[in-house]
Amino acid sequence: MALSEQFLEEDLHPIDIVEHLAEHHDWDFDRIGDDQIAMAVEGQWRTYSITLAWSNYDETLRMVCSFEMEPPSEREPELYELLNKMNDQCWAGAFTYWANQKLMVYRYGLVLTGGQSASPEQIDTMITAAVLSAERYYPAIQLVTWGNRDPENAMQVAIAEAYGRA
């Protein structure tokens, strides 16, 4: 059964849909308010903090997927160069580093102007894409910040496709 089949008769708030998805995937979550939800999604490398917020003002569902990171300050220029390379390959969202909060962040906004509504599949894809992107680039980030590798070299790890199964 498709995720949206259970919602066909209902016109749900986007955050209500996210809450149902979190329950469906058995993710830990906290409904912060009517228009915001925070959850923890387990990945291979990290547990990612994901927050989704609905803005009535501009009819946008905003998502922030983050994890803590404290790179050595002398490696920050290389980190920012790596972020540019990563973002060149991300079509649906973008990475940034919030130095004051010491967070690596993947952001995405789903614009739903004109009374449009998001489907559960769209929201699930948004969250999945964030986690997959963070998982894909996490090793490259580690190589640049802690392994003293140059961004070009570290990106080869993220670009490499794994075949088969160990």
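Once both axes come from the Cα atoms, what is the angle between helix 120-145 and the longest principal axis of the chain, in degrees from 0 to 90, rounded to 10?
The angle comes out near 10 degrees.
Label segment 51-131 by shape, choosing from rounded, prolate and oblate, from the square roots a ≥ b ≥ c of the eigenvalues of the Cα gyration tensor; if a/c is under 1.5 it is rounded, and otherwise prolate applies when a/b is larger than b/c, oblate when it is not.
prolate
Taking the 0 to 90 degree range and rounding to the nearest ten, how far is the long axis of helix 76-89 tilted relative to the main principal axis of the chain, both from C-alpha atoms?
Helix 76-89 sits at roughly 50 degrees to that axis.
Calculate, in nm to one decimal, what residue 60 and residue 35 gain on full extension: separation in residues at 0.36 nm each, minus their alpha carbon distance.
Full extension of this stretch gives 7.9 nm more.
Pick from 114, 93, 43: which is most flexible by mean-square fluctuation in a GNM of the chain where alpha carbon atoms under 10 Å apart are linked?
Among 114, 93, 43, the largest mean-square fluctuation in the Gaussian network model of the chain belongs to 114.
Pick out which of 153, 84, 100 has the largest mean-square fluctuation in a Gaussian network model of the chain, springs linking Cα atoms closer than 10 Å.
Greatest mean-square fluctuation among the candidates belongs to 100.
Can you compute the modelled spin-label distance between residue 84 and residue 117, with each label point 7 Å from Cα toward Cβ, in nm?
Result: 4.4 nm between the two label points.
Segment 1-124: Rg/Rh from Cα coordinates, Kirkwood Rh?
Looking at segment 1-124, the ratio lands at 1.01.
At a probe size of 1.4 Å, how large is the accessible area of residue 107, to the nearest 10 Å²?
The value for residue 107 is about 120 Å².
Out of segment 41-102, which chymotrypsin sites (Phe, Trp or Tyr not before Pro) are coil in DSSP terms and have no more than 13 other C-beta atoms within 10 Å?
Sites meeting the loop and neighbour criteria: 57, 91.
Amide H neighbours of residue 149 under 5 Å, counting only residues 5+ apart in sequence or on other chains, H built in-plane at 1.01 Å?
Residues meeting the criterion, in which the H sits 1.01 Å from N, are 144.
Pick from 119, 73, 49: which is most flexible by mean-square fluctuation in a GNM of the chain where alpha carbon atoms under 10 Å apart are linked?
Evaluated over the chain, the most mobile residue of the options is 73.
Can you compute the helix-only [θ] at 222 nm over the chain? Use -39500 (n - 2.57) per DSSP H run of at least 4 residues, normalise by all residues, nearest 500 deg cm²/dmol.
-12000 deg cm²/dmol
In degrees from 0 to 90, rounded to the nearest 10, what is the angle of the helix 14-25 Cα long axis to the longest principal axis of the chain?
Roughly 70 degrees between the two axes.
Which value, in debye to the nearest 20, gives the size of the charge dipole of the chain about its Cα centre, when Lys and Arg are +1 and Asp and Glu are -1 at the Cβ?
740 debye
The values are calculated or read from the model by the stated rules, or taken from the named source; none is laboratory data. For clarity, every value in this text was computed on a predicted model and none was experimentally measured. Quick reminder, even Gly has a Cβ in these numbers, built from the backbone with ideal geometry, and neighbours come from all protein chains shown. What goes into the accessible areas is simple: the full protein's heavy atoms, side chains included, and nothing from ligands, DNA or RNA. Shrake-Rupley method; radii C 1.70, N 1.55, O 1.52, S 1.80 Å.
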